[in-house]
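Following: one structure in structure tokens, then a few remarks.
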Amino acid sequence: MVERYVTLACVSNEVGGDLIGNARWLGVPVKELLDEAQPLDGADQVVGRSADGWTCGTPTAVLRDGRDALLAVGMNGEPLPIQHGFPARMVVPGLYGYVSACKWVTELELTSFADFDAYWVPRGWSPMGPIKTQSRIDAPRSRNNLTAGPVTVAGVAWAQHRGIRKVEVRVDGGPWQEAALARSVSVDTWVQWSWRWDATEGRHRLQVRATDTTGEVQPEQERPPAPDGATGWHSVDVEVG
């Protein structure tokens with residue numbers, strides 16, 4: 001078995017939301033299981049089935065492309081907690097949970113997208129769920145009252161299995177300023193960022209955007225989570241006195 005750091009994100013996460021988290025996972029590489037199974041041509045989907053009857057469909061090609069997709073049995077140095085899927089769950093970097101993060105796994109079945117729709121697909125969600133490039137401001141919080149002078153603006157950004165190239169912040173629609181990035185554990189985890197702002201008195205709006213290592217810039221257009229993940233720039237409004 002291997003241990004890997006992977007950040008998981010829920011497709012229901014709104015822009016600036018907290019339905020995302022990072023952990024150290026222990027498990028068996030799914031690629032090894034599939035290589036042993038020797039999928040037939042056309043078996044382009046792996047369906048994970050849960051003890052509660054839930055299903056999710058993951059592209060077979062994603063599970064075999066070399067990323068650290070795991071059938072995990074441990075989390076942060078401990079046995080996998082029940083709420084996180086004990087005794088085994090799927091962890092797939094770069095995909096939203098609704099197409100990859102099957103908990104309480106009872107079965108993995110090779111099939112095709114043409115032959116089977118997993119739980120969320122007939123309910124209007126996309127059968128494919130690649131994670132979008134996103135960023136979030138964690139400090140300061142919206143409606144915080146700040147003192148004029150140096151203020152540290154900070155947060156996280158993520159683009160699992162692509163990695164973050166840069167994060168930029170702007171104030172009141174002004175020019176974008178590049179933030180400092182902390183060391184990233186891997187392309188499969190989020191990265192912390194920070195930027196020093198010389199805050200002046202008044203009401204201000206802070207915005208953030210990220211660029212991943214492919215050059216894709218986080219889009220400004222605001223879209224809801226359905227059908228394949230929210231988009232938009234996270235912003236916070238603050239008062240400086």
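The values are calculated or read from the model by the stated rules, or taken from the named source; none is laboratory data. Predicted, not measured: the structure shown is a model, and the values here were computed from it. Here the Cβ positions follow ideal geometry from the backbone for every residue, glycine too, while neighbour counts run over all protein chains shown.
Data table
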{"read-out": "Odd one out for K103, checked against (1) of a type in the set (K, R); (2) under 19 Å from C10 (Cα atoms); (3) touching a Leu at 6+ places or on another chain (Cβ under 7 Å)", "value": "(3)"}
{"read-out": "Residues that are surrounded by 14 or more Cβ atoms within 10 Å (Cβ to Cβ) and either free of Cβ contacts under 8 Å to residues at least 24 places away in the same chain or not β-branched (V, I, T) (or both), drawn from segment 223-237", "value": "R223, P225, A226, P227, D228, G229, A230, G232, W233, H234, S235"}
{"read-out": "Evaluation of W197 against (1) touching a Pro at 6+ places or on another chain (Cβ under 9 Å); (2) modelled with pLDDT of 95 or more; (3) in a loop (DSSP other than H, G, I, E, B) (one fails), failing number", "value": "(3)"}
{"read-out": "Residue that is in a strand (DSSP E or B) and of a type in the set (D, E), where the choices are E36, E109", "value": "E109"}
{"read-out": "Filter result (surrounded by 16 or more Cβ atoms within 10 Å (Cβ to Cβ), part of a strand (DSSP E or B) and either modelled with pLDDT under 95 or under 23 Å from the mean Cα position of the chain (by Cα) (or both)) within segment 146-169", "value": "V153, A154, G155, V156, A157, W158, I164, R165, K166, V167, E168, V169"}
{"read-out": "The listed residue being of a type in the set (S, T, Y) and either assigned by TED's automatic domain parsing to the domain that holds G27 or without any contact (Cβ under 8 Å) to a residue 40 or more places away in the chain (or both), out of T147, T106", "value": "T106"}
{"read-out": "Qualifying residue in segment 71-86 (condition: at positive phi and surrounded by 19 or more Cβ atoms within 10 Å (Cβ to Cβ))", "value": "yes"}
{"read-out": "Filtered residue count, segment 200-219, keeping only those that are surrounded by 20 or more Cβ atoms within 10 Å (Cβ to Cβ) and assigned to a strand (DSSP E or B)", "value": "6"}
{"read-out": "Members of segment 220-241 that are over 14 Å from G17 (Cα atoms) and in a strand (DSSP E or B)", "value": "D237, V238, E239, V240"}
